[in-house]
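The structure appears right after this line, and notes come after that.
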Amino acid sequence: MMSRSQPAVHPLEVPPLTDAAENAVPMRVRMKDIQGMPGTPAGLALRVCQFVFAAVSLCVMATTNDFPSVTAFRYLIAAVILQSLWSLSLAIVDVYALLVKRCLRNSRVISLFTMGDGITSTLTFAAACASAGITVLIGNDFNNCAQNHCTRFETATAMAFMSWFAVSPSFFLNFWSLASR
């Protein structure tokens with residue numbers, strides 16, 4: 001006759017709680033990546049929208065031949081160039097993070113993204129406001145749209161505002177993540 005092994009069940013006892021375990025501070029639970037943060041698909045979508053709106057604003061304004069005569073329009077060009085370069089570079093970082101499944105929760109990286117978004121969004125908003133003011137001045141006050149490209153100026157200004165609207169969630173989510181650490 002062959003010898004068979006018999007299953008054996010050995011109950012385990014739960015170790016008693018000690019004073020250290022009862023008085024320990026519970027570990028802080030980190031939230032998952034919120035959509036719209038760097039390294040998420042929604043964050044990539046925001047960056048692409050920022051880039052597209054800024055690039056359209058740049059292209060529309062650059063196709064007019066009389067934009068260099070107004071300082072606010074030159075400022076808009078400079079601001080949307082900076083915005084488009086910033087957004088394109090962060091979109092590339094987001095694509096890389098998504099491809100290698102890398103989390104971008106490093107506090108230094110978030111600080112850099114927050115400062116960059118804050119600076120570029122402020123510049124874009126200020127340039128869009130200045131361009132809107134000049135466009136209203138040319139169109140409504142001077143009634144001089146027949147000789148100027150008011151429609152193009154309005155379109156470029158609107159696209160700059162749309163770029164700013166797309167930057168705002170990125171900035172606020174990064175700032176919130178930085179402040180909640």
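The values are calculated or read from the model by the stated rules, or taken from the named source; none is laboratory data. Not measured: the values here are computed from a predicted model. With ideal geometry, Cβ positions are generated from the backbone for all residues, glycine too; neighbour counts draw on all protein chains shown. Heavy atoms of the whole protein, side chains included, go into the accessibility calculation; ligands, DNA and RNA do not. Shrake-Rupley method; radii C 1.70, N 1.55, O 1.52, S 1.80 Å.
One table, with the values for the structure above:
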quantity	calculated
Condition check for Gly43: of a type in the set (Gly, Ala, Ser), in contact with an Asp or Glu (Cβ under 7 Å, 6 or more places away or on another chain), part of a helix (DSSP H, G or I) and surrounded by 17 or more Cβ atoms within 10 Å (Cβ to Cβ)	yes
Unmet requirement for Tyr75, which otherwise passes all of (1) open to solvent by less than 50 Å² (accessible area, probe 1.4 Å); (2) under 22 Å from Val60 (Cα atoms); (3) among the hydroxyl-bearing types (Ser, Thr, Tyr)	(1)
Pair list, Cβ under 6 Å, 6 or more apart: region 135-149 residue open to solvent by less than 100 Å² (accessible area, probe 1.4 Å), other residue in a loop (DSSP other than H, G, I, E, B) and modelled with pLDDT of 85 or more	Ile138/Asn144; His149/Thr64
Subset tally (residues that are open to solvent by 10 Å² or more (accessible area, probe 1.4 Å) and under 18 Å from Asn148 (Cα atoms)) for region 51-72	13
Filter result (farther than 12 Å from Leu76 by Cβ and hydrophobic (A, V, I, L, M, F, W, C)) within region 124-161	Val136, Leu137, Ile138, Phe142, Cys145, Ala146, Cys150
Residues satisfying the stated conditions in region 91-103, i.e. of a type in the set (A, V, I, L, M, F, W, C) and free of Cβ contacts under 8 Å to residues at least 60 places away in the same chain	Ala91, Ile92, Val93, Val95, Ala97, Leu98, Leu99, Val100
Region 78-120, subset outside any helix (DSSP H, G or I) and not polar (S, T, N, Q), residue least open to solvent (accessible area, probe 1.4 Å)	Leu104
Subset of region 144-181 [in a loop (DSSP other than H, G, I, E, B) and small (Gly, Ala, Ser)]	Ala146, Ser180
